[in-house]
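In what follows, a structure is listed as structure tokens, so that the remarks can point back to it.
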Amino acid sequence: MDQGAHTAAGDTPAAAAVDPILDVDGVTLQYKTKEHLITATYRVGFKVYPADRFVLLGPSGCGKSTLLKGVAGYLKPVEGNMRLKGVDIKEPGPDRVMVFQEFDQLLPWKTVKQNITFALMNGGKCKTQAEADEVAMQYIKKVKLDRFEDTYPHMLSGGMKQRVAIARGMAMEPDILLMDEPFAALDALTRRQMQEELLQLWDDTRFTVLFVTHSIEEALIVGSRILVLSPHPGQVKAELNAHHLNHDNTGDPAFGELQSKIHDMLFADRILEDELAAAAEGAQNS
Amino acid sequence: MSTVSETVIRPEFEADDLGEASHADVARKLTLWEKLIDLDGVRKLSILLVLMFAWEFYTRISGVSELILPKFSDTAMALYDAVVNDQLLIMIKNSLTVLLTGYVIGLVIATLLTTAAIMTRFGNDVLSTLTAMLNPLPAIALLPLALLWFGLGSASVVFTLLHSVIWPVALNAHTGFMGVSDTQRMVGRNYGLRGVTYVTKLLIPAAFPSILMGLKVGWAYAWRTLIAAELVFGGAIADTSGTQSGGLGWFVFSSQMDMQIPYVFAGLFTVILVGVIVESLIFSTIEARTIRRWGMQSS
């Protein structure tokens, strides 16, 4: 089914020659709440290639964040497997750095620079403090936060905090950067600016990113390839290309068409559910 | 339906030139008086001064007995005299030595209990049951029992101090560790923190506001317990361990026995002073340098 989705969406010829960085194959993820055992995703498969901006898109409850936590190594699949560069993912590690939505991902007792050097030193990226300082400053400049390197996180705005988190993630130069709705807690203007900055950073360094969002527009702008997931439990609905879309062509018909196509895909479920509910009700009444 | 308002359509406009904002008070230097009033210390000191004058004034005009309420000036003289001639400083030192002994041993036990509570469910149950049971018990109530077990001497006082330190410290630290957010835990593990480094580099700083709160409460409880213990049993303790011992509580108690009431007040002042110095100077400084600087203060 994974294979089918690939060919249907028109695989690029290069994909056959290049090995995927991340290979998720038939993964079912479950987690427990106090009352229930919840199946978050059911037999989900996809491949992420180098320099992909791969987006997991779906409504709330489609298990996209859970899937990302699985890739990060916080959660073990009950079925299927996840491989990073051909090696099974067993536990969290600095080769897959996660950027969260929550602002408290920055350690409040460390300054902007210390937050990054802390990651570099403990993650084994840098051996000496001087080396870590240098790398940290380089990435702080990249996200345009020089002059703020000695500031504590609570003095920064939401957008600045997320920029520090992104700088920290990129400084680690991970095989894949995992972003869990990193802009969802920001206001609309800041969000747009952050999306642009992320794309600029990607233009500079061509990192690989796995990006979770529930906004169709954000998926089209940020993503180069989009995995559309259905809710309860999350299953793959489609894998689509969006590398040709960004902020500059949001007015193009192609943008609108893809947007409404995805919208229909996600919305179709709801209609179906409504119809089923109505039918069930009708059966009961008669 | 005439109550429904229609949108009022008005012409649009755009400002061509914003010009200079001009107002006399855009930025004005504060006067010296305004700056003085803004200082916390100045305001609080003036309250103390008013109280002092009221005290002195009342004792002078009302003719109240020296044995009931001595003059403020006499109390101040007594304090000076006690410091210079009566080894008040040694007594402060004695009190603080006992206090620190109890505090440090208490911290060690609290650390062990908290570690067990975090690592195992059984430890968690032990801590929460013990805390729920023993926390409401005033430490001073254990002193008679302690004297029975450990005899007259500072060991008994240390034992009661342990009781007043362990529970608030362990309880607050445990709450702090439990409250570390999932995001921060995941961040720590993401950057390769495991085992001991995970605890020292992530959990402890993240839980530090609660830990510090526990240390503060533990200290305050211990100080009150110590003075009370010395007041009640200090004489016995002082007698058995020779002269020149006994702490601040004993000073207050023995001064009262000798009907030297200004010295009783001087002793109480010293108790307040030491408490204020430790609580507001030491702990406030730690707070200002850590959790307030980091924006982590919860209250």
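The values are calculated or read from the model by the stated rules, or taken from the named source; none is laboratory data. Predicted model, so just to flag it, every value in this text is computed and none were measured. Every residue, glycine as well, gets a Cβ built from its backbone with ideal geometry; the counts of neighbours run over all protein chains shown.
Does any residue of segment A:154-162 turn out to be over 24 Å from the mean Cα position of the chain (by Cα) and either charged (D, E, K, R) or farther than 22 Å from A:Pro50 by Cβ (or both)? For segment A:154-162, residues over 24 Å from the mean Cα position of the chain (by Cα) and either charged (D, E, K, R) or farther than 22 Å from A:Pro50 by Cβ (or both): present. Taken together, the residues in segment A:123-142 that are within 13 Å of chain B (Cβ to nearest Cβ) and free of Cβ contacts under 8 Å to residues at least 12 places away in the same chain amount to 1. Restricting the search to segment A:143-181, which residues are within 12 Å of chain B (Cβ to nearest Cβ), over 26 Å from A:Gly73 (Cα atoms) and not in a loop (DSSP other than H, G, I, E, B)? A:Pro153, A:His154, A:Met155 - these are the residues of segment A:143-181 that are within 12 Å of chain B (Cβ to nearest Cβ), over 26 Å from A:Gly73 (Cα atoms) and not in a loop (DSSP other than H, G, I, E, B). Among the residues of segment A:92-118, those identified as more than 18 Å from the chain's Cα centre (by Cα), at the interface with chain B (Cβ under 8 Å from one of its Cβ atoms) and not in a helix (DSSP H, G or I) are A:Leu107, A:Pro108, A:Trp109.
A:Val87 satisfies every condition listed in (1) under 25 Å from A:Ser65 (Cβ atoms); (2) more than 13 Å from chain B (Cβ to nearest Cβ); (3) buried (at least 22 other Cβ atoms within 10 Å of the Cβ) except (3). Residues that are surrounded by 12 or more Cβ atoms within 10 Å (Cβ to Cβ), hydroxyl-bearing (Ser, Thr, Tyr) and modelled with pLDDT of 85 or more number at least 3 in the following helices (runs of 4 or more DSSP H) confined to segment B:53-160: B:72-85, B:88-119. Restricted to segment B:192-214, and to residues there that are closer than 17 Å to A:Gly123 by Cβ and touching a Lys or Arg at 6+ places or on another chain (Cβ under 9 Å), the residue that is nearest to the other protein chains (Cβ to nearest Cβ) is B:Leu193. Of the residues making up segment A:226-255, just one is closer than 11 Å to A:Ile216 by Cβ and over 20 Å from the mean Cα position of the chain (by Cα), namely A:Phe255. When segment A:62-84 is limited to residues that are outside any helix (DSSP H, G or I) and of a type in the set (A, V, I, L, M, F, W, C), the one that is nearest to the other protein chains (Cβ to nearest Cβ) turns out to be A:Leu75.
Could you check, for segment A:198-205, whether at least one of its residues is hydroxyl-bearing (Ser, Thr, Tyr) and farther than 28 Å from A:Asp264 by Cβ? Yes, because at least one residue in segment A:198-205 is hydroxyl-bearing (Ser, Thr, Tyr) and farther than 28 Å from A:Asp264 by Cβ. Please go through segment B:180-209 and give me each residue that is surrounded by fewer than 22 Cβ atoms within 10 Å (Cβ to Cβ), among the small types (Gly, Ala, Ser) and assigned to a helix (DSSP H, G or I), ordered by number. Across segment B:180-209, the qualifying residue is only B:Gly195. Selection of segment A:119-129 for residues being within 24 Å of the chain's Cα centre (by Cα) and either acidic (Asp, Glu) or not in a loop (DSSP other than H, G, I, E, B) (or both) yields A:Ala119, A:Leu120, A:Asn122. The condition of being at pLDDT 90 or above, aliphatic (A, V, I, L, M) and either under 29 Å from B:Gly192 (Cα atoms) or touching a strand residue (DSSP E or B) at 6+ places or on another chain (Cβ under 8 Å) (or both) holds for only one of A:Val44, A:Val48, A:Val55, that being A:Val55. Selection within segment A:200-214: residues that are touching a strand residue (DSSP E or B) at 6+ places or on another chain (Cβ under 8 Å) and of a type outside the set (Val, Ile, Thr). The member of this set that is farthest from A:Gly70 (Cα to Cα) is A:Trp202. Screening B:Arg293, B:Arg224 for residues that are within 14 Å of chain A (Cβ to nearest Cβ) and at pLDDT 85 or above leaves exactly one candidate, B:Arg293. Take A:Ala40 and tell me if it is touching a Ser or Thr at 6+ places or on another chain (Cβ under 7 Å), in a strand (DSSP E or B) and more than 9 Å from every other protein chain (Cβ to nearest Cβ). So A:Ala40 fits the description; yes.
Under the condition of being over 10 Å from the mean Cα position of the chain (by Cα) and either over 21 Å from B:Gly214 (Cα atoms) or surrounded by fewer than 17 Cβ atoms within 10 Å (Cβ to Cβ) (or both), the residues counted in segment B:265-286 number 11.
Evaluated against (1) assigned to a helix (DSSP H, G or I); (2) modelled with pLDDT under 85; (3) surrounded by fewer than 17 Cβ atoms within 10 Å (Cβ to Cβ), B:Ile237 falls short on exactly one condition, (3).
Looking at A:Asp180, A:Asp175, A:Asp203, just one residue is surrounded by fewer than 17 Cβ atoms within 10 Å (Cβ to Cβ) and not basic (Lys, Arg), and that residue is A:Asp203.
Every condition in (1) without any contact (Cβ under 8 Å) to a residue 40 or more places away in the chain; (2) of a type in the set (Gly, Ala, Ser); (3) closer than 30 Å to B:Leu127 by Cβ holds for B:Gly102 except the one numbered (1). Is it the case, given these coordinates, that B:Met133 is under 30 Å from A:Thr117 (Cβ atoms), more than 23 Å from the chain's Cα centre (by Cα) and not acidic (Asp, Glu)? When the stated conditions are applied, B:Met133 does not pass them.
Filter segment B:169-179 down to residues that are without any contact (Cβ under 8 Å) to a residue 60 or more places away in the chain and buried (at least 17 other Cβ atoms within 10 Å of the Cβ) and give me whichever is farthest from B:Tyr221 (Cα to Cα). Per the criteria, the residue is B:Gly176. For segment A:22-31, check the following and say yes or no: at least one residue is among the aromatic types (Phe, Trp, Tyr), at pLDDT 90 or above and assigned to a strand (DSSP E or B). For segment A:22-31, residues among the aromatic types (Phe, Trp, Tyr), at pLDDT 90 or above and assigned to a strand (DSSP E or B): absent.
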